[in-house]
Amino acid sequence: MNAPLTLLDRLWSLHEVHQGEDGTSLLWVDRHLVHEGSHHAFAKLAERGLPVAEPGLTFAVVDHYAPTRRTGPMADPAIARMIDTLRGNATRHGLRLFDLEDPDQGIVHVVGPEQGLTLPGLLITCGDSHTSTHGAFGALAFGIGATEVAHVLATQTIWQRKPQALRITVDGDLPPGVSAKDIALNWIARLGADGAQGHAVEYAGSAVRNLSMEGRMTLCNLTIEGGGRMGMVAPDDTTFAYMRGRPHAPHGDDWQRVLDNWRNLASDADARFDRDVALSAEQIAPIVTWGTSPEQALPIDALVPDPEGLPPAKAQAARAALDYMGLVPGRPLAGTPVDQIFIGSCTNGRIEDLRAAAAVLAGRKARVPGLVSPGSARVKAQAEQEGLDRIFVEAGLEWVASGCSMCVGMNGDLVEAGKRCASSTNRNFRGRQGKGARTHLMSPAMVAAAAVTGTLSDVRPLLKGRAL
Ligand SMILES: CC(C)[C@H](C(=O)O)[C@@H](O)C(=O)O
Ligand code: SF4
């Protein structure tokens, strides 16, 4: 009898080319995604006169610096230069580039799955921490640093130490108004921002099986914010239905053949995980962050925490975070006025996220300004076909082109110092959305609720009587 295997074991052995004496593995990379930030790696390659080993497996995307207003010349020459550098490198090495005006452009972690570049069983790397997103398809996907990007470009392989396996099982039915974002922030709040350090997280349980691919991507995306190296969900019929017919997905006879292989990509029932965590979906409430780390999150009906009541190790960080965020301990989180909102990013900028926000905003006005940036040009087109753009615009929000935008502000979409932003993104670090900016992370529906009320608010009462 063979020892039972986890999904991680299976994916790892499918890609292991060689094992080093120190226990690290040399892994074959099936897809390598690059964005503007990969310029250091291309420069290293140029220094040594090396070609890209597998240009057909390397895909370049303009996202971090993509202006969200695409008309007229680019205002900032530094931004234009970053994009031009990527263009130059893509042309030099013969890479497929998803450029600004490409109908398939978007955030790298939205484009990969959408194009069928991300497939079950593949190993995917990108010089970007949220590469964990692609694990939602049962792929082995993780972010790598600049030196490693150069290594992958030159060899199409990567040295990695196999992580431990952590299974997070979420059983039960998610209540209305509660989404994958709430599951993720819930476990991160419980285990901590380094809670899953050194681990690959496999998400399991009925609540995960019932999530759409968009929801699973949100979960895997946020894995990194809980310290995990990668996130994954075993592929199933939901995965296959999403994948079918995508431009780079297998077609015809090939499709049938891969399906049989993909169905084996799961953990054995008796597989041993290094750690196991269980959550009950019914007990998860809409959650918002109050601090400057994703672990500093609480249900919307909670009070701003009092650092005095926290364990000493957390109290100091909480005090500093509350000071930065301008929040008073003991006051209700709900009702805190916000200055603006942002809906978008690789965490929650997909069609389903826009639908969830639009369901709250339809026929209502936003009390604060805000930006809605779809995760890709395809998501934008789909949303416009469904009339979601009109709902956002009629509410008073700005509907702009796709890119990382206000998630990180590299393209110039910034939150001003001292301003409070309700955001569907994944990082609330100091200055993340701009120097001195105050970020509250939450689901797209909760961001919409903040827009409608002008404060941090529970979305659930706003959903009463609405078709979801
Ligand atoms: C700029 C980029 C390398 C970075 C990342 O690695 O994640 C960014 O995408 C982020 O979300 O902070
Ligand atoms: S949308 Fe935000 S989190 Fe995602 S890749 Fe861009 S900057 Fe990083």
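The values are calculated or read from the model by the stated rules, or taken from the named source; none is laboratory data. Please read these numbers as outputs of a predicted model, since none were measured by experiment. Here the Cβ is made from the backbone with ideal geometry for all residues, glycine too, and neighbour counts use every protein chain on show. SASA here: full protein model, heavy atoms, side chains in, ligands and nucleic acids out. Shrake-Rupley method; radii C 1.70, N 1.55, O 1.52, S 1.80 Å.
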Being in contact (Cβ under 8 Å) with a residue 40 or more places away in the chain, surrounded by fewer than 21 Cβ atoms within 10 Å (Cβ to Cβ) and charged (D, E, K, R) narrows it down to one residue among 246, 263; which is it? 246
So, of the residues in segment 165-180 that are touching a strand residue (DSSP E or B) at 6+ places or on another chain (Cβ under 8 Å) and either among the hydroxyl-bearing types (Ser, Thr, Tyr) or surrounded by fewer than 18 Cβ atoms within 10 Å (Cβ to Cβ) (or both), which turns out to be nearest to residue 464 (Cα to Cα)? 172
Can you name the residue in segment 410-432 that is under 16 Å from the mean Cα position of the chain (by Cα) and either closer than 12 Å to residue 340 by Cβ or open to solvent by 10 Å² or more (accessible area, probe 1.4 Å) (or both) and is also nearest to ligand 2 (Cβ to nearest atom) among such residues? 427
Pairs needed: first member in segment 340-362, in a helix (DSSP H, G or I); second member anywhere, open to solvent by 10 Å² or more (accessible area, probe 1.4 Å) and hydroxyl-bearing (Ser, Thr, Tyr); C-beta distance under 8 Å; at least 6 residues apart or different chains. 352/212; 356/179
Some residue of segment 101-111 being within 20 Å of residue 267 (Cβ to Cβ), away from ligand 2 (no atom under 14 Å from the Cβ) and either open to solvent by 10 Å² or more (accessible area, probe 1.4 Å) or not charged (D, E, K, R) (or both): no
Looking at this structure, is residue 104 touching an Asp or Glu at 6+ places or on another chain (Cβ under 8 Å) and within 21 Å of residue 374 (Cβ to Cβ)? yes
Among the numbered criteria (1) modelled with pLDDT of 95 or more; (2) more than 14 Å from ligand 2 (Cβ to nearest atom), which one does residue 76 miss? (1)
Might you check whether a residue that is open to solvent by 10 Å² or more (accessible area, probe 1.4 Å), in a strand (DSSP E or B) and of a type in the set (A, V, I, L, M) occurs anywhere in segment 82-99? yes
Return the residue satisfying two criteria in turn: it lies in segment 391-409 and is away from ligand 1 (no atom under 15 Å from the Cβ) and aliphatic (A, V, I, L, M), and of such residues it is surrounded by the fewest Cβ atoms within 10 Å (Cβ to Cβ). 393
I'd like to check something: does segment 310-322 contain any residue that is modelled with pLDDT of 95 or more, in a strand (DSSP E or B) and open to solvent by less than 60 Å² (accessible area, probe 1.4 Å)? no
So residue 69 ticks every box in (1) assigned to a loop (DSSP other than H, G, I, E, B); (2) without any contact (Cβ under 8 Å) to a residue 24 or more places away in the chain but one. Which box is left unticked? (2)
Does segment 377-394 contain at least one residue that is at pLDDT 95 or above and within 13 Å of ligand 2 (Cβ to nearest atom)? yes
Restricting the search to segment 448-468, which residues are open to solvent by less than 20 Å² (accessible area, probe 1.4 Å) and closer than 20 Å to residue 331 by Cα? 449, 450, 454, 456, 457, 459
Identify, please: which residue in segment 214-238 is more than 14 Å from ligand 2 (Cβ to nearest atom) and assigned to a helix (DSSP H, G or I) and is, among those, surrounded by the fewest Cβ atoms within 10 Å (Cβ to Cβ)? 237
